[in-house]
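See below for the structure under consideration.
Just so it is clear, none of the values below were taken in a lab; they were calculated from the coordinates. All of these numbers come straight from a predicted model, not from anything done at the bench. Cβ coordinates were reconstructed from backbone atoms using ideal geometry, including for glycine residues, and neighbour counts include every protein chain displayed.
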Amino acid sequence: MDPPRIGAYLLLAPLGAGGMGQVFLGRSPGGRLVAVKVIRDEIGEHPEAPARFRREAATVEAVRSACTAQLIEASLDGPPYWLATEYVAGPTLSGAVRDGGPFPPGSALKLFAGLAERLAAVLATGRPPYGSGDAATVSYRAVHEDIDLAGVHLGLAALIRACVAKDSARFHA
């Protein structure tokens, strides 16, 4: 029996699963490692699922950052719906701290900024920072819209805005 494939990608191992589907470590025909996200069949049959997945793929494609895996290819015309992104090998956060000890200040600051964005905004507003809805819609808002800080103390709002600024260059030394 041939190994499982999605599109041209040989699936090597599962990496994780979420509400919409499963992510696999894959290999391209040229030997490049990729992460392949496949929508679960039962979700792919839901009338809204293809549109949600298209928005997710568009959001992944729109984000251009050295800190984000880039979209390589997507199959959005019919089941099975999937997308392939760059695979970025690395340990889990707990594994990194266990094996390497505390993070250097620059790395800790980058991580803190990302965590602070969601935590501070939720604590300050009592609501999700980019509204509610499916993951693709919220991700789209996070990339393209400003955070909702209505009613937040001015000093705290300024700190949160600095953490969520769309210009990631401020973190590169």
Report summary line: Once the dipole of the chain is set up from charges on Cβ (+1 Lys and Arg, -1 Asp and Glu), the residue from the list L10, G133, Y87 lying farthest towards its positive end is Y87
**Report entry** Point-charge dipole on Cβ atoms (K/R +1, D/E -1) for the chain, about Cα centre, debye to 20
**Finding:** 500
Report task. Just grab the label-to-label distance for H46 and A13, each label 7 Å out from Cα along the Cβ direction, in nm (one decimal). Result -> 3.0
Report summary line: For Q22, the net charge from surrounding residues (Cβ-Cβ under 13 Å; K, R +1; D, E -1) works out to 0
Requested in this report: Just order 78-88, 92-102 by mean Cβ neighbour count inside 10 Å, highest at the front, would you?
Outcome: 78-88, 92-102
Requested in this report: Would you mind calculating the gained length between L159 and T68 on full extension (0.36 nm times residue separation, minus the Cα-Cα distance), in nm to one decimal?
Outcome: 30.5 nm
Report task. Beta carbons within 10 angstrom, averaged per residue: use that to sort the peptides 34-41, 146-153, 51-58, highest first. Result -> 34-41, 51-58, 146-153
Query - Ellipsoid equivalent to the chain - semi-axes via the Cα gyration tensor, in Å - result: 32, 22, 14
Report summary line: Nearest-0.05 FRET efficiency for R32 and S132 at R0 = 30 Å, using Cβ-Cβ distance, is 0.25
Report task. Could you order peptides 154-160, 23-29, 11-17 by the average number of other Cβ atoms within 10 Å of their residues, highest first? Result -> 23-29, 154-160, 11-17
